[in-house]
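A short worksheet on the structure shown next.
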Amino acid sequence: SGWLRKADDFYHHLAQDQTHCRKMVRFGGSYCKKNPDNEKYVCLDEGLALKSRNCTVYSFGVGDDTTFDDAASQYGCEVFMFDPSLDQDLKDEVIKNLTTYQHFYNLGLSNVTKNETLK
């Protein structure tokens with residue numbers, strides 16, 4: 001019952017604007033064959049705008065694309081990046097390129113309950 005009958009329903013719902021935003025800004029991503037790929041959008045309307053050194057971003061599933069995380073930290077957000085699936089070379093590359101306000105953790109979301117202290 002309800003609107004969520006299959007996975008495509010979920011992704012279609014995410015693609016729909018849930019509110020009106022006058023200042024939608026693209027964060028990260030790249031271009032593949034002249035089309036945007038893996039970009040995210042953030043509403044920066046007055047009252048919603050990110051405030052430098054007064055915002056926190058939790059980024060799950062970093063993979064090999066940290067462009068969103070880089071853009072958020074350039075806006076002055078503290079960014080906590082999580083991904084346990086990276087191979088050692090990619091993890092080393094991500095860690096090597098962390099900025100002052102970025103933190104990487106070899107953790108992810110799952111159905112297992114576990115307590116971890118983040119430093």
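With 24 Å as the limit, the listed pairs Lys51/Lys114; Lys91/Lys114; Lys23/Lys51 have Lys51/Lys114 beyond it between alpha carbons.
Once the dipole of the chain is set up with Lys and Arg at +1 and Asp and Glu at -1 on Cβ about the Cα centre, which of Gln74, Gln16, Val62 lies farthest towards its positive end? Comparing the listed Cα positions along the dipole, Gln16 ranks first.
Accessible area per residue (1.4 Å probe, heavy atoms of protein chains only) ranks Met81, Met24 as Met24, Met81, with the largest value leading.
To the nearest 10, the accessible area of His12 is 120 Å² with a 1.4 Å probe.
Measuring with a 1.4 angstrom probe and ignoring ligands and nucleic acids, Glu93 comes out at about 90 Å² accessible. Relative to the 2.2 N^0.38 Å rule of thumb, segment 80-119 has a C-alpha radius of gyration ratio of 1.25. Put a plus charge on the Cβ of each Lys and Arg, a minus charge on the Cβ of each Asp and Glu, and nothing anywhere else: the dipole of the chain about its Cα centre is then about 340 debye. Considering only the Cα atoms of the chain, their convex hull presents on average a projected area of 10.5 nm². Averaged per residue, the chain has 77 square angstrom of accessible surface, using a 1.4 angstrom probe with ligands and nucleic acids left out. On the chain, 49 percent of the accessible area sits on carbon and sulfur atoms, based on a 1.4 Å probe.
Cα centroids of segment 100-119 and segment 43-78: 17 Å apart. Only protein heavy atoms count here; under a 1.4 Å probe, Val94 has an accessible surface of about 20 Å².
The values are calculated or read from the model by the stated rules, or taken from the named source; none is laboratory data. Since the structure is predicted, the reported quantities are computational estimates derived from the model, not experimental observations. Here the Cβ is made from the backbone with ideal geometry for all residues, glycine too, and neighbour counts use every protein chain on show. Areas reflect the complete protein model, heavy atoms only, side chains present, ligands, DNA and RNA absent. Shrake-Rupley method; radii C 1.70, N 1.55, O 1.52, S 1.80 Å.
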